[in-house]
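Each remark here refers to the structure printed beneath this line.
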Amino acid sequence: MIVILLGPPGAGKGTQAQRLKENYGLMHLSTGDILRQEIAKGTELGLKAKEVMDAGGLVPDEYVIKMIEDKINQPDYKAGVILDGFPRTTQQAITLDEMLEQYNKKIDAVIEIKVDDEQLIKRISGRYSCAECGVCYNKYFKKPAEEGICDVCGSTEFKHRSDDNEETVKKRLEAYYKETMPIIPYYVGKSILKTVDGMRDIDEVSAEINSLLEKK
Ligand code: AMP
């Protein structure tokens with residue numbers, strides 16, 4: 001099964017992808033995560049990407065397409081994959097279809113998660129994670145039970161993504177509306193787009209996504 005999660009930054013794509021991975025045994029492929037790994041390793045791609053990411057822009061298509069191409073046909077990914085944050089441009093969507101066609105695969109569902117801008121800005125600018133175990137928190141919605149101590153591993157070190165500040169978030173939203181939203185009619189035309197209301201509780205959103213996928 002190949003599932004695309006589409007939605008603005010902060011819509012909950014990463015959280016829902018994690019749940020789909022657990023429920024359906026699919027691989028989670030996030031281009032944002034791969035780029036952050038490249039930045040952490042200090043590679044040439046990482047250095048180029050960091051500048052664009054910190055400015056809230058999109059990394060050029062050729063780099064992200066290459067990243068997907070390298071992964072999608074690996075044995076681990078053959079059973080199925082959730083694409084989180086890819087495609088983000090019409091060119092990426094078209095190239096993905098061409099790539100899948102070569103391997104006789106096709107997209108089963110594109111799930112668009114919709115959330116209001118005001119809520120997105122709060123979700124993103126408030127989010128941080130444990131530097132040790134990676135569990136996510138939010139200063140507005142979900143603080144650790146004891147301030148400054150991770151609920152899961154007890155660490156007192158936390159990290160905050162450098163592009164998760166209010167100014168960059170606004171730019172990332174602009175990039176979403178300008179570059180990514182035009183993909184929606186492309187998938188509507190293929191009758192594979194489903195839209196869910198991402199303003200609801202995480203469990204309700206994931207129940208709806210599961211029921212949409214079970215109908216497939
Ligand atoms: P994310 O973790 O999905 O929010 O992605 C973080 C940042 O990585 C984005 O704001 C972009 O700068 C970059 N990025 C991730 N995926 C893509 C993509 N498919 N195309 C272009 N840039 C991307």
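Straight-line reach from K41: which aspartates and glutamates have Cα under 16 Å away, leaving out those fewer than 8 places along the same chain?
Partners within reach: D33, E51.
Provide the gained length on full extension for the span T43 to A145, in nm with one decimal, where the gain is 0.36 nm per separating residue minus the Cα-Cα distance.
Working: separation 102, 0.36 × 102 = 36.72 nm, distance 3.75 nm.
Net length gain for the segment: 33.0 nm.
Does segment 1-153 come out rounded, prolate or oblate, given a ≥ b ≥ c as the square roots of the eigenvalues of its C-alpha gyration tensor, rounded meaning a/c under 1.5 and, failing that, prolate meaning a/b above b/c? Provide the component values of the computation, followed by the final result.
On the way: a/c = 1.70, a/b = 1.48, b/c = 1.15.
Note, shape of segment 1-153 comes out prolate.
Indicate the gyration tensor shape class of segment 60-216 (rounded, prolate or oblate), computed on the Cα atoms with a ≥ b ≥ c the square roots of the eigenvalues: a/c under 1.5 is rounded; otherwise a/b larger than b/c is prolate and the rest oblate.
Details: a/c = 1.71, a/b = 1.64, b/c = 1.04.
It is prolate, given that a/c is not under 1.5 and a/b is the larger ratio.
Which value in nm describes the separation of the simple spin-label points at E101 and K159, placed 7 Å from the Cα toward the beta carbon?
4.0 nm
Between K170 and I184, what is the label-to-label distance in nm when each label sits 7 Å out along the Cα-to-Cβ direction?
The modelled label-to-label distance comes out at 2.2 nm.
Could you tell me the distance between the Cα centroids of segment 37-54 and segment 60-96, to the nearest Å?
Here the answer is 18 Å between Cα centres.
Using a 10 angstrom cutoff on alpha carbons, build the Gaussian network for the chain and name the most mobile of G46, G189, G12.
Fluctuation is largest for G189.
At 222 nm, what value in deg cm²/dmol follows for the chain if DSSP H runs of at least 4 each add -39500 (n - 2.57) and the sum is divided by all its residues, to the nearest 500? Can you show the working numbers first?
Working: 10 runs with 102 residues, N = 216.
After summing the helix terms and dividing by residue count, I get -14000 deg cm²/dmol.
Would you mind getting me the FRET efficiency between D70 and I94? Use the beta-carbon distance for r and R0 = 22 Å, nearest 0.05. Please report the intermediate quantities before stating the final value.
Values: r = 19 Å, r/R0 = 0.85.
For D70 and I94, the calculated efficiency is 0.75.
State which entries of K106/K216; K105/K178; K66/K170; K78/K114; K13/K71 exceed 24 angstrom in Cα-Cα distance in the structure shown. List each step's numbers first, then the result.
Numbers: K106/K216 13 Å; K105/K178 29 Å; K66/K170 27 Å; K78/K114 29 Å; K13/K71 19 Å.
Too far apart for the 24 Å limit: K105/K178; K66/K170; K78/K114.
Where a number appears in this text, it was derived from the coordinates with a stated rule and is not lab data. What you are looking at is a predicted structure, and each value in this text was computed from that prediction instead of being measured. In this analysis, Cβ positions are derived from the backbone assuming ideal geometry, glycine residues included, and neighbour counts consider all displayed protein chains.
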